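Participant: Got a structure for you, questions after.
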Amino acid sequence: MAGKGKFLDRLKAGEVLLSDGAWGTELQKLGLEAGGNPEEWNVSHPDKVKLVSERYYEAGADMSLTNTFNGTRFRQKHYGMTERVKEFNRAGAKLAKEVAQKHGGFVVASMGPTGEFVEPLGLVSEDEMYEAFKEQAVALKEGGADAVVVETIFNLPEMKIAIRAAKDAGLFVMATMFFDAKADPATGEKPKDASFGFATMFGESPTECVQAMEEAGADVVGTNCGNGIENMVRIVREMKPVATKPILVHSNAGIPKLVATKVVYDETPDVMASKIKALVEAGAQIVGGCCGTTPEHIQRFREELDKLKK
């Protein structure tokens, strides 16, 4: 395990590091209601939030995210709690820091999308979006975050604003974009095998995004959510030739399926772990999980990464 200095030294040395897995589904297992406000739990259920981090570190993670994905004022507006944005973010980072210090881990605070678009596509000005991300980033740093990961962003204008805000707050910044399969130009349909490659919802390629994120100041670049691990291997192969920064991947446990009113992710720990070597060979330097992954997935990732060291 590694604290802040050792984590960054290991990253700089080219070591492959292990992140954590999904947060929302783990909190739901602990009682968070569907549609509930996860960030409010940083104040009302701190022990349960810490338990999620604890389980990931026990599984072998080198770093853990914070329970702050919906931490901007735009997202908290949906819950009528914009006045508590700073409180929730500080608390989330503080809880993660408490657990990380026990395990020598590295706290990477989660900053998710605002759900808004910058003018002229949307109704939010660039300054308004910047201030929302800056408010969150400053609170996360005050709470003890070592870094942030701006994650699950669908378009480059928002990503670049978020990176700038986090850098201005004095934080080490990781940045991961959400990619989907490109549609068949002839039919408009998206093939399951992603035979036409990957892009954001606005058509931005993994290559374009890597270059833009690095130019904006990201210290780590990559991708998260939206794809199972096999597609993530393909996306990293696209990114690696142009990336000059370490690449982070948080893969879903497959594409979610609705089975009898329940959302199911069908990539088991063993299925995902079988692709870890390929993911690393493609160029990933930090690997972890997104939607549907569990401490059991992370434990299997740890086992596979340890094999690669031998």
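Participant: From the list (1) 50, 47, 46; (2) 66, 46, 34; (3) 59, 39, 39, can you say which value of Cα extents along the principal axes in Å was derived from the structure given?
Facilitator: (1)
Participant: Which of these, A278, A61, A139, has the largest mean-square fluctuation under a Gaussian network model of the chain (Cα springs below 10 Å)?
Facilitator: A278
Participant: Test of understanding: in a Gaussian network model of the chain with alpha carbons linked when under 10 Å, which of P120, P157, P295 would top the mean-square fluctuation ranking?
Facilitator: P120
Participant: Are there chymotrypsin sites (Phe, Trp or Tyr not before Pro) in the range 158-227 that DSSP marks as loop and that have at most 11 other Cβ atoms within 10 Å, and which are they?
Facilitator: Answer by residue number: F202.
Participant: In addition: Are there any trypsin sites (Lys or Arg not before Pro) in the range 145-233 that are in a DSSP loop and have at most 14 other Cβ atoms within 10 Å? List them by number.
Facilitator: Taking the range 145-233 and a limit of 14 other Cβ atoms within 10 Å, the loop trypsin sites (Lys or Arg not before Pro) found are K192.
Participant: How much of the DSSP beta bridge set in the range 4-309 is antiparallel, as a percent to the nearest 5?
Facilitator: 15
Participant: Another one. I'd like the distance between the alpha-carbon centres of the range 248-281 and the range 160-201, rounded to an integer number of Å.
Facilitator: Distance between centres, Cα-based: 18 Å.
Participant: In addition: May I ask which of K245/K310; K160/K257; K12/K309; K6/K275 have a Cα-Cα span longer than 22 Å here?
Facilitator: From the list (K245/K310; K160/K257; K12/K309; K6/K275), the Cα-Cα distance tops 22 Å for K245/K310; K160/K257; K6/K275.
Participant: Grab the DSSP H runs of the chain that are 4 residues or longer, score each as -39,500 (n - 2.57), total them, divide by all residues and round the 222 nm result to the nearest 500 deg cm²/dmol.
Facilitator: -13000 deg cm²/dmol
Participant: Any idea what the relative contact order of the chain is, in percent, if you count C-alpha pairs under 8 Å spaced at least 6 apart?
Facilitator: Here the relative contact order equals 18 percent.
Read the figures in this text as sums done on the coordinates, not as results from a lab. In this text the structure is predicted, and so the values were computed from the model without any measurement. When we count neighbours, we look across all protein chains shown, and the Cβ atoms used for this are built from the backbone with ideal geometry, even at glycine.
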